[in-house]
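My structure is below; once you've seen it, I'll send some questions.
The values are calculated or read from the model by the stated rules, or taken from the named source; none is laboratory data. Keep in mind that what you see is a predicted model, and the values were worked out from it rather than measured. Cβ: placed from backbone, ideal geometry, glycine included. Neighbour counts: every protein chain shown. The accessibility values were calculated without ligands, DNA or RNA, using every heavy atom of the protein model including side chains. Shrake-Rupley method; radii C 1.70, N 1.55, O 1.52, S 1.80 Å.
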Amino acid sequence: MNALPEADWLNFLIDLLQGAQVQLLRVLDALGLVQKVNGQPAWPWAHRLSGENLLIDLGQARSLAWTLVCVGVAVLLLLIALLWRRPRWYLLALVPMLLIAAPWPRANVVLVPATPASFHASPTGFTAASIAQGRVLYAQHCVSCHGTDGKGEGPLAASLAVWPPNLTGPLLWRRADGDLLWRVLHGTATMPGFGGPLDAADAWALIDYMKAQGAGQSLRAQGHWPQPVGLPDMAVRCGAQAPKSLAQWRGQRVRVVAGAVAVAPSEDPRLVTVQLLPPGAKAAGVTADCVADSPAAWEALALIAGTDQLAGMQLIADRDGWLRVRGLPGQAGWSDDDLLCRSDSPPVALVKGTVLPPDGLGALIARMDAEPVRFVKGGFIH
C-alpha cells in the first residue's frame, strides 16, 4: 500500500486490535482457561477481529475507530459517575446515548472466522535452514498440485474440482501465519490436511519456503517485491570469532554480497557487509571480514531473488531485517531502481525537502530509513 497519511491511524488501529486479542489470549492461558495446540495457546472462539478486511474497507475501518472512541468515552463517563462522591446520574444517561450514536461497523467486516491457531507465531525465525527443509517437504507433498513455481498449475491441478490457489500472490501475506499453519495441517474445503505426514515444525518450515518462493516469483513477474520479505537468518563468521547469527545484527543495515570474489567487498560504516560463498566454495583466501558459507543460505537467497545466477548480486536489508535493495551482478553504482521494496509514492520525509546524499547508495539508504516497512498482522501497510 502507498505511504499515505491515513496509513498511520489505520496501522495503529489494526495493531491495537491485534495486541488486544493477543493479550487476552495470554491472560486466558495464564488462568488455565484455554488449551494448548502445537505447544501454543489455542484461540477459544470461532471468530476473531479482522485486520485484513479493514485494510480493504477504509469506510468500515473509520466506523470502527469512531466506535472505539465512543465506547472509550462511555466507559470513562461510567467510571466518573460511579466513583464520584455523589453519583452523577446525568453522566450515566449519556452512556447509552453514546453507544446508540456510535457508527457501529458491519459485523461481517470486523469479524472473520478463526482457527485455534490464529494467533500462533512461527518459532523458526525464517532461517535459511528452515527454508531448505520446507523446499524438501514442498517437493514431496505440494508440487503435484501447486506446481514447482507455486502458481497452482501442477500436474494434478487440472484433475481437481477447484484449481489450487496461486501461492505467489498476496495470499500468504493476507492470512495470519497461524491460520496458514492450521490449513496445512487440517486442510480446507478444497485441500486435504497433511497433519499425518507432517508435524507443526514441518508445517512452519513449509510456510517459510512458500514465502521465499512467492517473493522470488513475484520479483520475476513484476520486477519488485510487492510484499516485504525478510533476510533469512544464517550463521556468519567474522574473523577468528565464533559463528554468530545474522539476526544478532537486527537494528543495523546488512548487505549480503554473493560470490567468492578475489577482492573483498568495500566496507561501509552505514552497513554490515557479509560475503556469502556458493556451495562448495573454499573460504581460504577470502578477505572479507564476515563470511557465510551455508549452502542453505545460498539457495534461500537465490530463491527469494528469483534467479539461478546469484553470484555477484548484492542484497541489502534495512534495520528491521526486511530485504529492500538488490544490486545486479556487474552493475556500476546504485540507482533508485534498485529499491525493490517500496511504496508507489515518495516518502513524506523526502517530499518535504530532504536533500538526498549525492552517492547512489546513500540515497537508497535515506529512502529506506524514511520509508520503513510497516507490518501488521494479517496484512502489510507498505
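Could you pull out the residue among Ala132, Ala139, Ala158, Ala121 that is modelled with pLDDT under 95, open to solvent by 20 Å² or more (accessible area, probe 1.4 Å) and in a helix (DSSP H, G or I)? Walk me through it before giving the result.
Working: Ala132 fails: modelled with pLDDT under 95; Ala139 fails: modelled with pLDDT under 95; Ala121 fails: in a helix (DSSP H, G or I).
Criteria check complete, one pass: Ala158.
Another question, then. Restricting to region 41-56, name every residue that is over 17 Å from Arg175 (Cβ atoms) and out of contact with any Asp or Glu (no Cβ under 7 Å at 6 or more places or on another chain). Write out each step before concluding.
Here is the first cut: in region 41-56, the ones over 17 Å from Arg175 (Cβ atoms) are 41-42, 44-45.
Listed by number, the residues that qualify are Ala42, Pro44, Trp45.
Return only the number of the condition from (1) surrounded by 20 or more Cβ atoms within 10 Å (Cβ to Cβ); (2) without any contact (Cβ under 8 Å) to a residue 24 or more places away in the chain that Gln248 does not satisfy.
(1) is the only condition that Gln248 fails.
Residues are listed down the side, and each one gets a yes or a no for (1) modelled with pLDDT of 95 or more; (2) surrounded by fewer than 12 Cβ atoms within 10 Å (Cβ to Cβ); (3) charged (D, E, K, R):
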position	(1), (2), (3)
Ala7	no, no, no
Asp15	no, no, yes
Arg26	yes, no, yes
Ala30	yes, yes, no
Gln35	yes, yes, no
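Being closer than 11 Å to Leu276 by Cα and open to solvent by 30 Å² or more (accessible area, probe 1.4 Å) is the filter here; which residues of region 300-316 pass it?
Ala311, Gly312, Gln314
Against the conditions (1) in contact with a Leu (Cβ under 7 Å, 6 or more places away or on another chain); (2) open to solvent by 70 Å² or more (accessible area, probe 1.4 Å); (3) among the hydrophobic types (A, V, I, L, M, F, W, C), where does Val73 fall short? Just the number, please.
Val73 satisfies every listed condition except (2).
On to the next question. If a residue has to be acidic (Asp, Glu) and open to solvent by 40 Å² or more (accessible area, probe 1.4 Å) to count, how many in region 191-242 make the cut? Break it down stepwise before answering.
Initially, region 191-242 is screened for residues acidic (Asp, Glu), giving 199, 202, 208, 233.
Restricting the remaining residues to those that are open to solvent by 40 Å² or more (accessible area, probe 1.4 Å) gives 199.
So the answer is 1.
Among the residues of region 102-135, which ones are under 30 Å from Ala65 (Cα atoms), in contact (Cβ under 8 Å) with a residue 40 or more places away in the chain and more than 19 Å from the chain's Cα centre (by Cα)?
Step one: filter region 102-135 for residues under 30 Å from Ala65 (Cα atoms), giving 102-122.
Those still in the list that are in contact (Cβ under 8 Å) with a residue 40 or more places away in the chain too: 103-106, 109-122.
Result: Pro103, Trp104, Pro105, Arg106, Val109, Val110, Leu111, Val112, Pro113, Ala114, Thr115, Pro116.
Which is at pLDDT below 90, closer than 19 Å to Ala235 by Cα and open to solvent by 60 Å² or more (accessible area, probe 1.4 Å), of Gly280, Gly330, Gly285? It would help to see each step written out before you state the result.
On the way: Gly330 fails: closer than 19 Å to Ala235 by Cα; Gly285 fails: closer than 19 Å to Ala235 by Cα.
Gly280 is the lone residue from the list that is at pLDDT below 90, closer than 19 Å to Ala235 by Cα and open to solvent by 60 Å² or more (accessible area, probe 1.4 Å).
For region 299-315, which positions are in contact (Cβ under 8 Å) with a residue 60 or more places away in the chain and either over 19 Å from Gln222 (Cβ atoms) or of a type in the set (Asp, Glu) (or both)?
Glu299, Ala300 - these are the residues of region 299-315 that are in contact (Cβ under 8 Å) with a residue 60 or more places away in the chain and either over 19 Å from Gln222 (Cβ atoms) or of a type in the set (Asp, Glu) (or both).
Within region 45-56, can one find any residue that is acidic (Asp, Glu), open to solvent by less than 70 Å² (accessible area, probe 1.4 Å) and either modelled with pLDDT of 85 or more or over 23 Å from Leu111 (Cβ atoms) (or both)?
Step one: of region 45-56, the residues acidic (Asp, Glu) are 52.
Still in the list and also open to solvent by less than 70 Å² (accessible area, probe 1.4 Å): 52.
In the following step, the residues that additionally are either modelled with pLDDT of 85 or more or over 23 Å from Leu111 (Cβ atoms) (or both) were identified as none.
Scanning region 45-56 turns up no residue that is acidic (Asp, Glu), open to solvent by less than 70 Å² (accessible area, probe 1.4 Å) and either modelled with pLDDT of 85 or more or over 23 Å from Leu111 (Cβ atoms) (or both).
If the Cβ limit is 7 Å and pairs must be 6+ apart or interchain, which residue in region 251-268 that is polar (S, T, N, Q) pairs with which residue that is modelled with pLDDT of 90 or more?
That search, which allows pairs on different chains as well, returns Gln252/Val272; Gln252/Arg319.
If Gly321 passes every condition in (1) at pLDDT 60 or above; (2) under 30 Å from Asn53 (Cβ atoms); (3) open to solvent by less than 50 Å² (accessible area, probe 1.4 Å); (4) out of contact with any Gly (no Cβ under 7 Å at 6 or more places or on another chain) but one, which one does it miss?
Going through (1) at pLDDT 60 or above; (2) under 30 Å from Asn53 (Cβ atoms); (3) open to solvent by less than 50 Å² (accessible area, probe 1.4 Å); (4) out of contact with any Gly (no Cβ under 7 Å at 6 or more places or on another chain) one by one, Gly321 breaks only (4).
Mind listing whichever residues of region 166-179 are under 19 Å from Val37 (Cα atoms) and assigned to a helix (DSSP H, G or I)?
Asp177, Gly178, Asp179
Can you report the number of residues in region 165-184 which are open to solvent by 20 Å² or more (accessible area, probe 1.4 Å) and over 15 Å from the mean Cα position of the chain (by Cα)? Break it down stepwise before answering.
Here is the first cut: in region 165-184, the ones open to solvent by 20 Å² or more (accessible area, probe 1.4 Å) are 165-166, 170-171, 173-175, 177, 182-183.
If we keep only those that are over 15 Å from the mean Cα position of the chain (by Cα) as well, we get 165-166, 182-183.
Residues in region 165-184 being open to solvent by 20 Å² or more (accessible area, probe 1.4 Å) and over 15 Å from the mean Cα position of the chain (by Cα): 4 in total.
Determine which single condition Ala81 fails, assuming it passes every other condition in (1) hydrophobic (A, V, I, L, M, F, W, C); (2) in contact with a Lys or Arg (Cβ under 6 Å, 6 or more places away or on another chain); (3) open to solvent by 50 Å² or more (accessible area, probe 1.4 Å).
It fails just one condition, (3).
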